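Data first, discussion second: the structure below is written as structure tokens.
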Amino acid sequence: MKQTYRKAPFMVSLFFILLFGTLHAQGAATFSFNPSSPVVGETVTVQVTDSSPWAYVNVQAIGPNTVTGDWVGVNNNGNGTWTWTWTFTGLQAAHYAVRFTSDNYQQVRGETSLSVGGVNGASFTFNPASPTAGEMVTVSVTDSSPWAYVNVRATGPNTVDGTWVGVNNNGNGTWTWTWTFSGLQAGHYGVQFTSDNYQHVRGHSSLTVQPGNQASFAYSPASPTAGQTVTVQVTDSSPWVYVDLQAVGPNTLDGTWVGVNNNGNGTWTWTWTLSGLIAGDYALRFTSDNGTQLRGQTTMQVGGSTSANNALFQLSPPNPAPGQEITVRVTSTTGYGNIALQVDREGSPLAVQESGYVHNDDYYPGETHTWIYTIPASQVQQGLHNLTFTADNGSTVVDQTTMPVQGRSMRAITNSPFGFNGHFWWTYNCGTVGDRIQRFIDEYHDLGANTIRIGLDWKTIESSQGSRNYAYYDELLTRFHDAGIRVIGLFYTAPNWATIDGQEWNPGKQLNRSKVNAMRATAQNMAQRYPFINHWEFWNEPQHHSIMANGEEFAFWFQNFSEAIKAVNFQDKVSFGTILGAESVPPGGPGSPHTASFVKNVMTALQGYQPDAISLHPYGGYDVNKPQVENVHSLVPHIPLWITEFGWSNYSEGDQTNALEGAINWLRSRSYIEFSTMHMLHNFDDDLQGTHCNFMDDTTPAPTEGNHGLVTKEFYQNDDYDRREAWYKFRELARGLSCDPPSSPTASSVTASSAQVTWPAISGASLYQVAYKPSAAVSGWQYVTTSATNLTLTGLEAQTEYVFLVKTYCTALDEWSSFSENAYFTTTGCLPPSNLYSYSITSSSASVSWSPVGGASQYQVAYKPSAAVDGWQLVTTSNNYTSLTGLNAGTQYVFVVQAYCSTQGGWTSYSSNAYFTTQAACQSPGSMSASVGYNYATVNWKAVSGATSYHIAYKPSTAKTWSYKTVSGSSTTLTGLSPGQTYVYRIRSYCAQDKGWTSYSSNRYFTTVGGIKIGPIDDIGPVLDRSAPNSPSASGEEFIIPQRIDASIYPNPAPQGVAILNIEAIDRAYLMVDLYDPTGRKVKSLWQGSVDTGHQQLELGLSGIKSGLYLLQVQLGENTRTLQLVVE
């Protein structure tokens, strides 16, 4: 029925109300949509035609989100109908209720539904499929349209935008985009795939993140200060592998490994130490899988120094083993008196010998004091040692640190820390001639070498600023990496445009510091392009480029390079290269710095910025230049060393073999050396001589012209030169260091119950063992041993993510390797439904939908109040949506869905939980009150949520016939009433969500003001106090007088407690407020006293006053006004 706005006599209005029950019934509006079957991200044009020219019209689409139409226009069709047009943008894949309203959403004039489909079937995969809080999640989205400016966003307990990884054209008309999510919290997330910088939603999915294991942290001391070494212990209920601890705050520190303990109660405790902390707040991050999975975190506050001058501790060796003598150097800028070093292990004091003092130690600028102590080897045992440096005979604690003793802790970057140095020109002219790259990879594997240092030439890569060419490097680096050989990236040389004069760069020419940001950009680009390079070296032998031999200039460029690399991956390690030559003869001639001096100059210029390592080329000894290495280590004992080149020239076969064995054994014995790469592995082929394809340092083909390192096996097999003994000695030493696990095991041919896992062969391995279990399981590993490099796992559970690892048995060493890094696969099967949504929710019903499941013939929805322990109700449907009815109002419900796939084993498991809350039931109004006058009453009530209009019924309390009034607000004024008459009234609500009226409220009453109306309609004259002597009788006396006092009472009706009198005083005057009953008898004096000019607000005490109607007489000076007051 169309609403009428014409005024009508009361009985006509009443007739319509009684006949139709409402004055705003919906019209017969018709809807059309273009397109009629839209998909996610499309703009939809909606047109509504109706036979009434409604005003203030709108349309809204209500579903997983609420979308308000954008106005286009209206057309008078000339046939008694009008057509309005809007557009919808931002619709998601779901069912929507579309409402046409007038009067600014107050009146619903028509309603229909609209289904929005997904976009070209975008599909989502998550790895891991069931992540825990803090885990990094890889999300891949596949779609059949090459959208531009794509993004993914997870919205739930927090909002996380995906970090871009890349895109792949699958070649079958689809594209796959990949991102990672970091920082997800426990809970349910909706995942949106968008294009055009979040403007268009192209697909949806959902992801449930489980609470992570509750790792607990303990650290000692509990309130550390700057400079102290802190011991951190982390306890968790899962035996994570490749665990690490990192402190992120004012600086970033990696924990130094101490050990792990199986507590025997299903928990494990790992221990690290942190050194180099500065004052501030740190986040402690406990990770597994080489830093990729966050397993727990906490915070730690580090206070200021324990004294005005903090001391620096240096240990030699820096990571001692049991039974080693330890030298401790304690340095301070303050010359303390009566000093001592106290050392204890788990509370037991150890004997310490003071062995020296150095004033102004040349490693430090300015005046310094260094005290030297020795801890005898007999005192050094396994465990954590506390070092306390005191002054003033022990009364002043200058500083403290801890020292773990567990043997070598500077972890080698590969299982075999020996390899070879290469050069960037390997790909200049050779390309893949005879697949030379593969021939060298095969040689590396045969030798047991799994590290290669390759120079990335800035001059070649970026000959024109901003234009980078990696053609020489992509295949070379990627193929070595794919073959399981670790790549150390060397950055050096400079393009012409980066020099001080813009001309060709040559030794001695200074770089242009204004180009430092360009260098940083290229460094970051390299780190992003080659994420498998996690160890970088800055510059090669800077004495060849004399300006870079300047410590301050070198430090400037190194620090910028290091910061750029770590901005991409803060866990990458960056070292700086050093000048070449024996300490006694500086490489630049007399007056130039030798290697240790160069290191000191650079470290001083860095002003506290710490490299992760320092690279050396210790040429010059019979096997290795040991004094050079030891001098640098003594200078910076806290910094690991990388030997990125070593070797010799013109040695006979026997000498080369002996030198090789001596070098490798000596380098292995130094715990502060993390790895060594030999210079280099040569190959002299007759057909390639003179082309740089012989992988040597110059164009002279003869192997006796100053070339260092080994020749390939291929060479001596051709009888051109014979160094086979040294070749076999290297293999014996390198492969004897460890038995390596397979790298990067993979899974293929995955079904609902089986999967084939494969791994690369390990030279010398006779057996492999595969361990696997569901990744979510805390225990339950299964083990299978095989001599092959692949294995089919059977009896698996469908739709389950599995983790698997592989280890190697090496016959020659008669030992098993450690397990490989975790690898994962997920079995197939008909998956539970996802993307659950709820919409069109009322107080008693809701519609729910979900994404269709391929191969499913029907679905079953289970739902119940979320607070109920049981009582699930089931609904079965063949559609991917249904309606749930008979629900309780104002109640949260949980629902799940399972799919039936007849070809894949029947019913799936249920989906993840989804929730909705029904609307509160529409109620009749409460908190009703009335303010009365002579012939009117203003009725007020509390607005009802969801109500669009109210129906008031009222009549004299003794009458039989009701009068009615319909309004949209929460108050109205009833007029035409009789003075001095008691009325009864009641109110009901209309709620569009329930499409009907509520029952009426309970009856309430008011009484209009009696007497003759004089002055304002709520004024009555002074009340005759019938309790006073000689008071005039009620009959024949004129007692109603117009008054001019501006006063009001609130609230009215008032509770039995306090009412507020608002009064406006023209001048300062004496005020009296008295309360009378309807007969004129004085009940109580409420206020007496002077009031100032202006607005006053007075509290009137009504305690003890019975419920009923009263008269409030207000006398201000000579003026009087009487108000009516109802006490509840």
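Comparison of SER316, SER307 shows that the only residue that is surrounded by fewer than 20 Cβ atoms within 10 Å (Cβ to Cβ), modelled with pLDDT under 75 and out of contact with any Pro (no Cβ under 8 Å at 6 or more places or on another chain) is SER307. The residues of the stretch 1047-1073 that are surrounded by fewer than 15 Cβ atoms within 10 Å (Cβ to Cβ) and in contact with a His (Cβ under 9 Å, 6 or more places away or on another chain), listed by number, are ASN1062, GLU1064. Taking the criterion of being under 28 Å from ASP442 (Cα atoms) and assigned to a loop (DSSP other than H, G, I, E, B), the residues of the stretch 743-755 that qualify are SER743, SER744, PRO745. Over 21 Å from ASN560 (Cβ atoms) and assigned by TED's automatic domain parsing to the domain that holds HIS445: does that describe ASP501? Answer is no for this residue.
One line per residue, one yes/no per condition, for (1) under 18 Å from the mean Cα position of the chain (by Cα); (2) small (Gly, Ala, Ser); (3) farther than 26 Å from TYR839 by Cα:
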position	(1), (2), (3)
GLY117	no, yes, no
SER123	no, yes, no
SER130	yes, yes, yes
GLY156	yes, yes, no
VAL167	no, no, yes
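Could you tell me whether TYR809 is touching a Ser or Thr at 6+ places or on another chain (Cβ under 8 Å), surrounded by 13 or more Cβ atoms within 10 Å (Cβ to Cβ), at pLDDT 90 or above and not polar (S, T, N, Q)? Answer is no for this residue. Within the stretch 512-529, residues that are outside any helix (DSSP H, G or I) sit with their Cβ atoms under 8 Å from residues that are surrounded by 17 or more Cβ atoms within 10 Å (Cβ to Cβ), at 6+ positions apart or across chains, in these pairs: ASN512/ALA498; ASN512/THR499. Taking the residues in the stretch 873-888 that are buried (at least 16 other Cβ atoms within 10 Å of the Cβ) and among the aliphatic types (A, V, I, L, M) as candidates, determine which candidate is modelled with the lowest pLDDT. Ranking the candidates gives LEU887 first.
Here the condition is being at pLDDT 65 or above and either not hydroxyl-bearing (Ser, Thr, Tyr) or not assigned by TED's automatic domain parsing to the domain that holds THR595 (or both); of PRO701, PRO637, it holds for PRO637 alone.
The condition of being on the phi > 0 side of the Ramachandran plot and at pLDDT below 90 holds for only one of GLN799, GLN717, that being GLN799. When we screen VAL191, VAL201 for residues that are at pLDDT 80 or above and buried (at least 18 other Cβ atoms within 10 Å of the Cβ), the only hit is VAL191.
Considering the stretch 203-251, the qualifying strands (runs of 3 or more DSSP E), each wholly inside and each with 2 or more residues that are polar (S, T, N, Q), run over 216-220, 230-236. Could you tell me whether the stretch 192-203 includes any residue that is aromatic (Phe, Trp, Tyr) and touching a residue at least 60 places away in the same chain (Cβ under 8 Å)? Within the stretch 192-203, one or more residues are aromatic (Phe, Trp, Tyr) and touching a residue at least 60 places away in the same chain (Cβ under 8 Å).
Give the residues of the stretch 495-513 that are small (Gly, Ala, Ser) and modelled with pLDDT under 90, sorted by residue number. Of everything in the stretch 495-513, those that are small (Gly, Ala, Ser) and modelled with pLDDT under 90 turn out to be GLY502, GLY508.
On the basis of being modelled with pLDDT of 80 or more and assigned to a loop (DSSP other than H, G, I, E, B), does GLY431 make the cut? In short, no.
Among the residues of the stretch 32-90, those that are part of a loop (DSSP other than H, G, I, E, B), of a type outside the set (Gly, Ala, Ser) and within 23 Å of VAL201 (Cβ to Cβ) comprise PRO35, PRO38, VAL40, GLU42, THR43, PRO64, ASN65, THR89. Select from the stretch 1054-1086 the residues that are part of a strand (DSSP E or B) and of a type in the set (Lys, Arg) and write down the one among them that is farthest from the chain's Cα centre (by Cα). Out of the qualifying residues, it is LYS1082. Of TYR824, TYR802, TYR839, TYR783, all but one fail to be buried (at least 19 other Cβ atoms within 10 Å of the Cβ), among the aromatic types (Phe, Trp, Tyr) and closer than 30 Å to SER237 by Cβ; the exception is TYR802. Of all the numbered requirements in (1) buried (at least 17 other Cβ atoms within 10 Å of the Cβ); (2) under 33 Å from the mean Cα position of the chain (by Cα); (3) at pLDDT 90 or above, ASN913 misses one, and that requirement is (1).
Scanning the stretch 260-287 for residues being over 26 Å from the mean Cα position of the chain (by Cα) and at positive phi gives a total of 3. Could you say whether any residue in the stretch 1070-1078 is under 22 Å from GLN1056 (Cβ atoms) and aliphatic (A, V, I, L, M)? Yes; the residues of the stretch 1070-1078 include at least one that is under 22 Å from GLN1056 (Cβ atoms) and aliphatic (A, V, I, L, M).
The values are calculated or read from the model by the stated rules, or taken from the named source; none is laboratory data. Keep in mind that what you see is a predicted model, and the values were worked out from it rather than measured. So basically every Cβ, Gly included, is an ideal-geometry build from the backbone, and we count neighbours across all protein chains shown.
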